[in-house]
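Before any comments, here is the structure.
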Amino acid sequence: MSWINVVLTVLSSANMVGDLVKTTTMENRAKKIYSKIDEKEKEISKKIDAKIKKEFQYVYSEINSLKIVIRFLFFISLILLILFIISLIFIIFVLKYKKII
């Protein structure tokens, strides 16, 4: 009876060792899979960041070009306003010279 107990003990300890080995190999596989997932996640986030930076650069360049156009139009409107005021003054002087006013 004791040799059966010894055999069963040896078999159960071998089974526990096998379970431990299976558990550690599964843990190692899980760690490898998680590290691969992390690498893929980093690659995807880098790609997304690069695309976002490109889009922001495009938007910033468009905003800068619009600023230039607005400044140009503002200066043109100022020049036209000054010319209008000068023409009004000139008309007033001409009308005074002709003694209409």
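The values are calculated or read from the model by the stated rules, or taken from the named source; none is laboratory data. What you see is a predicted model, and the numbers here were worked out from it, not measured in a lab. Ligands, DNA and RNA are stripped out before the accessible areas are found, and what is left, the full protein with its side chains, is counted by its heavy atoms. Shrake-Rupley method; radii C 1.70, N 1.55, O 1.52, S 1.80 Å.
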Checklist entry - When region 84-101 is examined, which residues are found to be in a helix (DSSP H, G or I) and open to solvent by 100 Å² or more (accessible area, probe 1.4 Å)? => result 84, 90, 93, 96, 97
Checklist entry - Only one of 32, 22, 53 is charged (D, E, K, R) and modelled with pLDDT of 90 or more; which? => result 53
Checklist entry - How many of the residues in region 44-85 are among the aromatic types (Phe, Trp, Tyr) and under 12 Å from the mean Cα position of the chain (by Cα)? => result 1
